[in-house]
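Encoded as structure tokens, the structure appears first; notes follow it.
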Amino acid sequence: MKISRIAKAIVSGLAAGAAATVTAAQDSVITTGEGVTIALAVLGAWGITWAVPNRPDQTRSLPHDL
């Protein structure tokens with residue numbers, strides 16, 4: 001399966017943002033500091049996911065040196 005780097009980054013950002021939001025909303029109030037933490041979690045996940053390359057496709061055969 002081939003997944004683009006953008007799709008990976010979007011999904012990871014949504015997951016990190018959702019996790020941070022659920023944690024911040026435990027007391028039914030999201031403060032400014034918690035909002036900043038949510039934003040940083042999303043941005044951090046996007047940046048890290050974008051920076052890590054996808055694994056090379058193992059199903060394709062590579063040319064061999066002769």
### Query
Restricting the first residue to the range 35-62 and requiring it to be among the aliphatic types (A, V, I, L, M), which pairs with a second residue that is modelled with pLDDT under 75 and open to solvent by 40 Å² or more (accessible area, probe 1.4 Å) meet a Cβ separation below 9 Å and a spacing of at least six or different chains?
Val52/Arg5; Leu62/Pro56
## Note on the structure
Of those in the range 38-66 that are closer than 30 Å to Ala19 by Cα and β-branched (Val, Ile, Thr), the residue modelled with the lowest pLDDT is Val52
### Message
Testing Val29 on (1) among the hydrophobic types (A, V, I, L, M, F, W, C); (2) open to solvent by 40 Å² or more (accessible area, probe 1.4 Å); (3) part of a helix (DSSP H, G or I), one condition comes back false. Which one is that?
### Response
(3)
### Query
Is it the case that the range 8-19 has a residue that's touching a helix residue (DSSP H, G or I) at 6+ places or on another chain (Cβ under 9 Å), open to solvent by 100 Å² or more (accessible area, probe 1.4 Å) and modelled with pLDDT of 95 or more?
no
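The values are calculated or read from the model by the stated rules, or taken from the named source; none is laboratory data. This one's a predicted model, so the numbers in the text were calculated from it and none came from an experiment. Reconstructed Cβ throughout: ideal geometry from the backbone, glycine too, with neighbour counts over all protein chains shown. With ligands, DNA and RNA removed, areas are computed over all heavy atoms of the protein, side chains included. Shrake-Rupley method; radii C 1.70, N 1.55, O 1.52, S 1.80 Å.
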